[in-house]
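Let me begin by presenting the structure, written as structure tokens, before commenting on it.
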Amino acid sequence: MKTILKFTAVVAFMFITMTSRANELKFSLVADKDAKSLVFELESGSKESIVKLIDGHTNIIYQERISNEGYAKRFNLKDLEPGTYYFSVENPIKNVVYTLNVERTEVEIVKRKDNKAKVVFRKVGDKVYVNLLNQDLDKVDIKIVNGNNTAVYHESFNDSLTVGKVFNFEKAIADRYTIVVSDGHDSYYENIEVY
């Protein structure tokens, strides 16, 4: 009986390990310093992911939703002004943010930060549900900006372990909106297109 229980526990552990590995982000990001570009590759089998290039003022320069198929792309950064930029790859389980130093003639990956997703954005029809687990009890800011980068909504939460909001875009003016959730350490983004 003990042998059967041990065998069952080992099989269950292996199944959990394989399932969690199947959900991992499997990708590479390499800076081509001579060409002032980034080469990004996402392995097939990774969950649906969102790739973003963000400037130092939290403006999203580029965003693309990628399905679980193999994907490769070269990002030409020649036209970017020198400064700090962020390249993020996120799926519902994990968010990886690279800090980039872009200079006149080259680009350098300065830092990589892996975060387990603390914010969950869920779209249902014209509604967007935002949930944040704020274990550090930091101040949390939620803002919505329109396509002109003008804030149309802002709210702060202090000492809240969980923050939950529902945004209804049913009667919103046709535009592209971005929900930004900042918890003092990290910022999370979700884009919404209203037609």
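The values are calculated or read from the model by the stated rules, or taken from the named source; none is laboratory data. The structure displayed is predicted, hence computed values, not measured ones. Reconstructed Cβ throughout: ideal geometry from the backbone, glycine too, with neighbour counts over all protein chains shown. Just the protein is used for accessible areas: all its heavy atoms, side chains included, with ligands, DNA and RNA removed. Shrake-Rupley method; radii C 1.70, N 1.55, O 1.52, S 1.80 Å.
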Subject >> Efficiency of FRET from Cβ geometry, Ser67 and Thr105, R₀ 35 Å, rounded to 0.05 >> reply: 0.50
Subject >> Rel. contact order, % - alpha carbon contacts under 8 angstrom, at least six apart, the stretch 67-134 >> reply: 21
Subject >> Tensor-based shape of the stretch 131-195 (alpha-carbon gyration tensor, a/c under 1.5 rounded, otherwise prolate or oblate) >> reply: prolate
**OP:** Sort Ile61, Ile144, Ile173 by accessible area with a 1.4 Å probe, largest first.
**Re:** Ile173, Ile61, Ile144
Original post:
At what distance in nm do the modelled label points of Arg112 and Asp138 sit from each other, each positioned 7 Å from its Cα along Cα→Cβ?
Top reply: 2.2
Original post:
Counting alpha carbon pairs within less than 8 Å and at least 6 residues apart, what relative contact order, in whole percent, applies to the stretch 128-195?
Top reply: 36
Original post:
Are there trypsin sites (Lys or Arg not before Pro) in the stretch 74-106 that DSSP marks as loop and that have at most 12 other Cβ atoms within 10 Å, and which are they?
Top reply: Lys78, Arg104
**OP:** Can you bin the stretch 73-195 into rounded, prolate or oblate? Criterion: square roots of the alpha carbon gyration tensor eigenvalues sorted a ≥ b ≥ c, rounded for a/c under 1.5, prolate for a/b above b/c, oblate for the rest.
**Re:** oblate
Subject >> Selected from Gly164, Ala72, Ser187, residue furthest toward positive end of dipole (the stretch 47-195; charges at beta carbon) >> reply: Ala72
